[in-house]
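The values are calculated or read from the model by the stated rules, or taken from the named source; none is laboratory data. Keep in mind it's a predicted model, so treat the numbers as computed, not measured. Here Cβ is always computed from backbone atoms with ideal geometry, including for glycine, and neighbour counts include all displayed protein chains.
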Amino acid sequence: MASVRKELVTNARVDDVWSAIRDVGALHTRLVPGFVTDTRLEGSIRIVTFGNGLIVREPIVTIDEDAKRLVWTAEGGKTKHYNGAVQVTANTDGTSRVIWIADFLPDDAKPAISAAIEAGMGVMKMTLDKLA
């Protein structure tokens, strides 16, 4: 199973970052606008439309308020299996660290998944820095 781990540091406060991450129906407005163009909820499943037109169903596994961690899976797209997690922690200087980890099959999807996560993290950083 392939794995990708990316992280960023934002000047935004941890509670503001967590608020945007945990708002699972607002990816396209609060976290990664443009990278994601639409998000809608069907119960505990979010339907995500990416900027390239790809539509993926993402069952939400957990929203852990204490750990400030969101976990989801994905159905559709380039993978047979996908498990993603985003977690935010506070740094001592008031900034926040966001870590996104994805585990998926097949292994040969790694270049595409890695590039997509890198692009998403770039948009996420710009969006979150505006909250500071």
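Tabulated data for the structure shown
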item: Residue identified as exposed (fewer than 14 other Cβ atoms within 10 Å of the Cβ) and touching a Lys or Arg at 6+ places or on another chain (Cβ under 6 Å) among Leu105, Leu41; result: Leu105
item: Candidate set from the stretch 109-132 (those that are farther than 11 Å from Ser3 by Cα and either in contact with a Gly (Cβ under 7 Å, 6 or more places away or on another chain) or of a type in the set (D, E, K, R) (or both)); member that is surrounded by the fewest Cβ atoms within 10 Å (Cβ to Cβ); result: Lys130
item: Yes/no for Val61 being in contact with a helix residue (DSSP H, G or I) (Cβ under 7 Å, 6 or more places away or on another chain), modelled with pLDDT of 95 or more and either loosely packed, with under 13 Cβ neighbours inside 10 Å or not in a loop (DSSP other than H, G, I, E, B) (or both); result: no
item: Hits in the stretch 68-85 (condition: part of a strand (DSSP E or B) and modelled with pLDDT under 95); result: Glu75
item: In the stretch 1-56, the residues that are part of a strand (DSSP E or B), hydroxyl-bearing (Ser, Thr, Tyr) and free of Cβ contacts under 8 Å to residues at least 60 places away in the same chain; result: Thr37, Thr39, Thr49
